[in-house]
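Inspection log for the structure reproduced underneath, given as structure tokens.
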Amino acid sequence: AQSVTQLDSQVPVFEEAPVELRCNYSSSVSVYLFWYVQYPNQGLQLLLKYLSGSTLVKGINGFEAEFNKSQTSFHLRKPSVHISDTAEYFCAVSAPYNQGGKLIFGQGTELSVKP
Amino acid sequence: DTAVSQTPKYLVTQMGNDKSIKCEQNLGHDTMYWYKQDSKKFLKIMFSYNNKELIINETVPNRFSPKSPDKAHLNLHINSLELGDSAVYFCASSQDRSNTEAFFGQGTRLTVV
């Protein structure tokens, strides 16, 4: 079975500061890894994904994440945040094909960017 | 064009009622999902269909019954609504069961009073 742990439930940060949102996963098989963002009262939008290949993945809105297999981590980073980045961020893994490819989500991290 | 659309966006209803949420995707995907987001924002899979065939049923009460009339539509019918059913329900789709990328609808906020 797969599981995802987001280590911080809330991350307050000042505008233009760097931020890292931490994600660890557990799986006995290879998985795909994702970060989604949810703005208030909206659906989930894909920020970036790791399927294979380069372990540094770049996504939308200046975000990037690094897949670390040995540490089973997939931390999300942005060098300089904006007020508009305030949202809930979810790390997820996808179950294997024979388990229907469902997404298993972490508990979410609320990023709050202050002026 | 909205890739994954759900209706209604908001649904307020009394305990004991029966209600349905509809979902449509225009991406040509084979696989569709229903997820539930609780009051703590935790997201959990409920059902998944692949080409109209049920492939995931995550120990959801029998009061919840998904129906897929074709691979572009996945509806969720809920009987005898309970207070605990209050949540945001998200529909999603992916190209296939490999799920290299899932696209989500805007969600349906269900409030049972």
#### Entry: Subset of region B:1-34 [within 11 Å of the chain's Cα centre (by Cα) and free of Cβ contacts under 8 Å to residues at least 60 places away in the same chain]
B:Ser20, B:Lys22, B:Glu24, B:Trp34
### Query
Among A:Val31, A:Val113, A:Val37, A:Val93, which is the only one that is aliphatic (A, V, I, L, M), over 26 Å from B:Thr2 (Cα atoms) and within 13 Å of chain B (Cβ to nearest Cβ)?
A:Val31
### Query
Quick one: B:Pro8 ticks every box in (1) within 27 Å of A:Ala95 (Cβ to Cβ); (2) modelled with pLDDT of 95 or more bar one, so which box is it?
(1)
### Query
Considering only residues of region B:94-113 that are in a strand (DSSP E or B) and under 23 Å from B:Arg63 (Cα atoms), which is farthest from the other protein chains (Cβ to nearest Cβ)?
B:Val112
#### Entry: Cross-chain or 6+ apart pairs with Cβ under 9 Å, region A:1-12 first and closer than 17 Å to A:Gln71 by Cα, then in a loop (DSSP other than H, G, I, E, B) and at pLDDT below 95
A:Gln2/A:Ser27; A:Gln2/A:Ser28; A:Gln2/A:Val29; A:Gln2/A:Val31; A:Gln2/A:Ala95; A:Gln2/A:Pro96; A:Ser3/A:Ser27
### Query
Can you name every residue in region B:35-58 that is within 13 Å of another protein chain (Cβ to nearest Cβ), within 17 Å of A:Gln99 (Cα to Cα), more than 13 Å from the chain's Cα centre (by Cα) and outside any strand (DSSP E or B)?
B:Asn51
### Query
Does B:Val88 qualify as being buried (at least 17 other Cβ atoms within 10 Å of the Cβ), outside any strand (DSSP E or B), of a type in the set (A, V, I, L, M) and within 14 Å of another protein chain (Cβ to nearest Cβ)?
no
### Task
Being facing chain B (nearest Cβ under 8 Å) and touching a strand residue (DSSP E or B) at 6+ places or on another chain (Cβ under 7 Å) is the filter here, so list the residues in region A:96-109 that pass it.
A:Gly100, A:Gly101, A:Lys102, A:Leu103, A:Ile104, A:Phe105, A:Gln107, A:Gly108
### Query
What number of residues in region B:79-113 are in contact with a helix residue (DSSP H, G or I) (Cβ under 6 Å, 6 or more places away or on another chain) and not small (Gly, Ala, Ser)?
2
### Query
What is the residue count in region A:49-66 for residues that are in contact with a strand residue (DSSP E or B) (Cβ under 9 Å, 6 or more places away or on another chain) and free of Cβ contacts under 8 Å to residues at least 24 places away in the same chain?
12
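Surrounded by 14 or more Cβ atoms within 10 Å (Cβ to Cβ) and farther than 13 Å from B:Tyr49 by Cβ, is that true of B:Glu82?
Criteria not met by B:Glu82.
Let's see how each residue does on (1) within 13 Å of chain B (Cβ to nearest Cβ); (2) of a type in the set (Ser, Thr, Tyr); (3) surrounded by fewer than 13 Cβ atoms within 10 Å (Cβ to Cβ):
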site	(1), (2), (3)
A:Asp8	no, no, no
A:Arg22	no, no, no
A:Leu44	yes, no, no
A:Leu47	yes, no, no
A:Lys58	no, no, yes
A:Ala65	no, no, no
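The values are calculated or read from the model by the stated rules, or taken from the named source; none is laboratory data. Fair warning: this is a prediction, and the values are worked out from it, not measured in the lab. Every residue, glycine as well, gets a Cβ built from its backbone with ideal geometry; the counts of neighbours run over all protein chains shown.
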